[in-house]
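The values are calculated or read from the model by the stated rules, or taken from the named source; none is laboratory data. Note that this is a predicted model, so its numbers are computed, not measured. Cβ coordinates were reconstructed from backbone atoms using ideal geometry, including for glycine residues, and neighbour counts include every protein chain displayed. With ligands, DNA and RNA removed, areas are computed over all heavy atoms of the protein, side chains included. Shrake-Rupley method; radii C 1.70, N 1.55, O 1.52, S 1.80 Å.
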Amino acid sequence: MPTNLSFDFPELPGSETGLARRTGLDASLEHFRRLAARESSPVRAIHRQPARPGEYADFPEGLDPRLRRALAAQGIERLYSHQAEAFRLLAAGRNLVVVTPTASGKTLCYNLAVLNDLVADPALRAVYLFPTKALAEDQLHELQTLVDAIGADVRAFTYDGDTPQDARRAIRERANVVLTNPDMLHTGILPHHTRWAKFFEKLRYFVIDELHTYRGVYGSHLANLLRRLKRICAFYGSSPQFVCCSATIANPRELAERLLEEPVEVLDRNGAPSGEKYFIFYNPPVVNRQLGIRRSYLAEARRVAMEFLERGLQTLVFANNRLATEVLVTYLKDACARLPMPPGAVRGYRGGYLPRERRQIERGLRDGHIRCVAATNALELGIDIGSLDAVVMAGYPGTIASTWQRAGRAGRRQSASVAVLVASSAPLDQYIVEHPEYFFSQSPEHAWVNPDNLEILVNHLKCAAFELPLREGEKFGPHAVEPLCRFLEELRLLHHSGDAWHWTSDTYPADAISLRSITSDNFVVVDVTGEPEVIAQVDFPSALTALHEKAIYLHEARQYQVERFDYEGRKAYVRRVECDYFTDAIDYTQVKVLEELESAPLGQAHVVHGDVRVNRQIVGFKKVRFYTMENVGSGNLSMPEQEMHTTAFWLHFPRAFLERLSGLTPTEIQSGVAGLANVLRTVAAFLLMSDPRDLGVAVSEKAGAGIQTFEPLLFLYDAYPGGVGLSPHLFRMVPALLRHAADLLAGCQCDAGCPSCVGPVGEVGEGGKQAALRILSELMREAPAPPLGVPAV
């Protein structure tokens, strides 16, 4: 039994229902229970959440009789308590954010209020905003089912990039409810608001679903998008009421009010029942203690998934990136070939798949024909995929909120379910899986946004000027527009006439702004094995690592080799191949300091926060064999360099500090700084409660330093142009950052460095772990609790 296992193993209930799926679930749980009893068990915790009864309320008095009858026809005789309370608050004209778990009936919280007003006044309009097109399609089906049951003349349509051109005019003129996504609102609706004049004049509700996904750069864009929306609504004389729904996060009111810039009511008391759920933490066994190498987490995730599939349990496997998803699809299809499963029972699911393919997979999950899907976070949100039995997470998703969201995809219909987190060797994964008490006792993360990021703000101000002239004295959010308008006038984008600035450029500003990534460009993947056929699309940053020439591109467990990468045309031409390896890109990153905004001494070292320029280039690739994960080859690349201005936190180690590291060679110091950078990024994500991918890491030398004046700089930078506010927080929590880094290093059992702490010896160099510990020790000697005014963490 693992020594740090902090949760009792409950006696498993019997299979008195006689259902095969419950029998299979009990058998699988018994398997993990036996596994947990072994010495050096990979099972670090089994946590049981008992079933929870619901809290109900009668239909509100103001609910239209037609809605009452429609709900009764669907078997709904009473509402959950939070649904009734949401109806009351919305009827009182409040802006609302509903914060309850997955599958708690949040959709009805806004559908009831919206439909109740629409059946009373068919001239009213509503917008439903979803982060993805797939979720909008799914919610349209649920809304339409209720509308059909009412028998009212309420017209609801999706309006996105897949909407045919000939249908768009009819939707603008006839739709009561438009279901869309931020990208379409940004490029297809607000810039063409004159075509939507009738719609905006009567806009009554604006619904924002999956509020918790709007964090970081995406949320910062949405806040500015809503500034533009409210400006246009004011022009047409409307002032919509906002309804937000979110999974559990730590600061829902703060996030909603930061996005809406209006007061909101928070409704977080959940009245929905929930089924019994088991949550298992699984850490792949160590196979080489000296190097700290564990079994492949992807292979172990496949092994865990097969435990469920062999017992007839429908299973969803989450991976954290496109490549891991496709590798898992390959593994699972190979393993399931020996089971009595029909063809197509195992599928992949990610953003690059074409819409028709994704809809087919969703239907297959609902009707049970598909028994297993390996997916990215594209299936993390509330798309209806029926009642799954098990979820396997290949790697920690990066946040507590996302982990619970993924686990909640199983057992959505009050049935018993199980979720398994299979940890990778990444330091954050190892910290979480070896400290389960932290995970289960910690509140979910804060969601941070920075709407006033200058680059984002200016870009949306351009869009706002395109939509309506910017008048003197007008504010965009809290900001006076005059200084920025004068700047844009100097660029010859605006012209001042009368008392307003008018857009004069012949460009279309919204097209040049991506809400999700650094650039709005996508690459299309063209299969030239036979007749040329588009099989997928890939966002710009991912394309540079996944579609370079000679790359093996994985799609639905099929391998394609990239024959030509057309950077200018944004296309990659691929051909089907049969091979036993995949490719992994190698990048080189260089950071240059532009301006120091804040700095403070840390003994002989210095901590700094400021503006930097980041240059990143893909310089090569490795060939990695399936299953064994061994490196079987490599190649050099010369890809276009990408440049970004952002904010960073960094440590400067001057000569005076390095002289205190007696006994360490310059090479060992370099290895130690590189290893320390990896540890600090992990700890920073942990303290900031952000995704580790939101932070970039780099090590360089102080400009102008020669061999005799070697002075390394360790950078942690915001991985988005202009920054999203992470690095200033790091500057203020240096003591906690160093203390947790020391705890992580001391707790790792490897001898010389491994993926779970400083990184493998082959990447950080010999002596990297010992040198990192030595550097940390010197820094902590100079960092008592009072410096920098950092509160205890």
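With respect to (1) in contact with an Asp or Glu (Cβ under 8 Å, 6 or more places away or on another chain); (2) in a strand (DSSP E or B), the lone exception for Thr583 is condition (1).
Annotation for segment 92-107: at least one member residue is over 24 Å from Ser274 (Cα atoms) and either part of a helix (DSSP H, G or I) or charged (D, E, K, R) (or both). Just so you know, in segment 476-489 the residues that are within 16 Å of Asn453 (Cα to Cα) and not hydrophobic (A, V, I, L, M, F, W, C) include one that is nearest to the chain's Cα centre (by Cα), and it is Gly477. Using the structure shown, decide if Tyr438 is buried (at least 22 other Cβ atoms within 10 Å of the Cβ) and aromatic (Phe, Trp, Tyr). When the stated conditions are applied, Tyr438 does not pass them.
Out of the residues in segment 122-139 that are over 27 Å from Arg350 (Cα atoms) and touching a helix residue (DSSP H, G or I) at 6+ places or on another chain (Cβ under 6 Å), state the one that is most open to solvent (accessible area, probe 1.4 Å). This residue is Leu124. Among the candidates Leu494, Leu515, Leu554, the residue that is in contact with a Pro (Cβ under 8 Å, 6 or more places away or on another chain) and of a type outside the set (Phe, Trp, Tyr) is uniquely Leu515. Arg88 meets the conditions (1) open to solvent by 30 Å² or more (accessible area, probe 1.4 Å); (2) under 24 Å from Leu260 (Cα atoms); (3) outside any helix (DSSP H, G or I); (4) not hydrophobic (A, V, I, L, M, F, W, C) in every case but one. The failed one is (3).
Table: residues versus (1) open to solvent by 50 Å² or more (accessible area, probe 1.4 Å); (2) charged (D, E, K, R); (3) at pLDDT 90 or above; (4) more than 29 Å from Val287 (Cα to Cα).
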{"residue": "Asp580", "(1), (2), (3), (4)": "yes, yes, no, no"}
{"residue": "Ala605", "(1), (2), (3), (4)": "no, no, yes, yes"}
{"residue": "Thr628", "(1), (2), (3), (4)": "yes, no, no, no"}
{"residue": "Ser662", "(1), (2), (3), (4)": "yes, no, no, yes"}
{"residue": "Gly672", "(1), (2), (3), (4)": "no, no, yes, no"}
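Reported count of residues in segment 496-513, each being under 16 Å from Gly473 (Cβ atoms) and part of a loop (DSSP other than H, G, I, E, B), is 2. Evaluating Ala234 against the criteria (1) among the aliphatic types (A, V, I, L, M); (2) open to solvent by 50 Å² or more (accessible area, probe 1.4 Å); (3) farther than 30 Å from Lys198 by Cβ leaves one unmet condition, (3).
Looking only at segment 440-482, which residues are modelled with pLDDT under 85 and of a type outside the set (Gly, Ala, Ser)? Of everything in segment 440-482, those that are modelled with pLDDT under 85 and of a type outside the set (Gly, Ala, Ser) turn out to be Gln442, Pro444, Glu445, His446, Trp448, Val449, Asn450, Asn453, Leu454, Glu455. Between Leu484, Leu494, Leu461, Leu470, the distinction of being over 21 Å from Leu226 (Cα atoms) and open to solvent by less than 50 Å² (accessible area, probe 1.4 Å) belongs to Leu494 only. Annotation: of all residues in segment 700-723 being modelled with pLDDT under 75 and over 17 Å from Trp650 (Cβ atoms), the one that is surrounded by the most Cβ atoms within 10 Å (Cβ to Cβ) is Pro721.
Looking at segment 56-74, is at least one residue within 27 Å of the chain's Cα centre (by Cα) and in a helix (DSSP H, G or I)? Let's see the steps before the verdict.
Our first condition is that a residue be within 27 Å of the chain's Cα centre (by Cα); within segment 56-74, this holds for none.
The answer is no, given that none of the residues of segment 56-74 is within 27 Å of the chain's Cα centre (by Cα) and in a helix (DSSP H, G or I).
Checking each residue in segment 90-113 for being farther than 28 Å from Leu388 by Cα and under 30 Å from the mean Cα position of the chain (by Cα) picks out Leu90, Arg94, Asn95, Leu96, Ala113. Looking across segment 43-102, the residues that are among the charged types (D, E, K, R) and within 24 Å of Leu211 (Cβ to Cβ) come down to Arg52, Glu55, Glu85, Arg88, Arg94.
Is it the case that Arg269 is open to solvent by 10 Å² or more (accessible area, probe 1.4 Å), under 22 Å from Glu55 (Cα atoms) and among the charged types (D, E, K, R)?
On the way: open to solvent by 10 Å² or more (accessible area, probe 1.4 Å): yes; under 22 Å from Glu55 (Cα atoms): yes; among the charged types (D, E, K, R): yes.
Taking the combined requirement at face value, the residue satisfies it.
How many of the residues making up segment 732-758 are touching a Pro at 6+ places or on another chain (Cβ under 9 Å), part of a loop (DSSP other than H, G, I, E, B) and of a type outside the set (A, V, I, L, M, F, W, C)? Qualifying residue count, segment 732-758: 4. Restricting attention to segment 345-363, the residues that are within 23 Å of Gln559 (Cβ to Cβ) and either at pLDDT 85 or above or acidic (Asp, Glu) (or both) add up to 8.
Scanning segment 140-177 for residues that are more than 23 Å from Asp64 (Cα to Cα), open to solvent by 30 Å² or more (accessible area, probe 1.4 Å) and either within 30 Å of the chain's Cα centre (by Cα) or not basic (Lys, Arg) (or both) returns Gly161, Asp162, Pro164, Gln165, Asp166, Ala167, Ala170, Glu173.
Which of the residues that make up segment 59-85 are of a type in the set (S, T, N, Q), open to solvent by 20 Å² or more (accessible area, probe 1.4 Å) and closer than 17 Å to Leu146 by Cα? Selection gives Gln74 alone. Any idea which residue in segment 24-49 is modelled with the lowest pLDDT, counting only those that are in contact with a strand residue (DSSP E or B) (Cβ under 6 Å, 6 or more places away or on another chain) and open to solvent by 60 Å² or more (accessible area, probe 1.4 Å)? Once the filter is applied, the top-ranked residue is Gln49.
Kindly provide the set of residues from segment 216-231 that are farther than 23 Å from Ile383 by Cβ and open to solvent by 10 Å² or more (accessible area, probe 1.4 Å), ordered by number. Of everything in segment 216-231, those that are farther than 23 Å from Ile383 by Cβ and open to solvent by 10 Å² or more (accessible area, probe 1.4 Å) turn out to be Val217, Arg227, Lys230, Arg231.
Among the candidates Thr194, Thr213, single out the residue that is open to solvent by 10 Å² or more (accessible area, probe 1.4 Å) and closer than 30 Å to Pro444 by Cα. Full working, then the answer.
On the way: Thr194 fails: closer than 30 Å to Pro444 by Cα.
Exactly one of Thr194, Thr213 is open to solvent by 10 Å² or more (accessible area, probe 1.4 Å) and closer than 30 Å to Pro444 by Cα, namely Thr213.
Residues considered: Gly635, Gly663, Gly610. Of these, the only one that is of a type outside the set (Phe, Trp, Tyr) and within 30 Å of Ala746 (Cα to Cα) is Gly663. Any residue at all in segment 405-414 that's in contact with a Phe, Trp or Tyr (Cβ under 8 Å, 6 or more places away or on another chain) and at pLDDT 85 or above? Yes.
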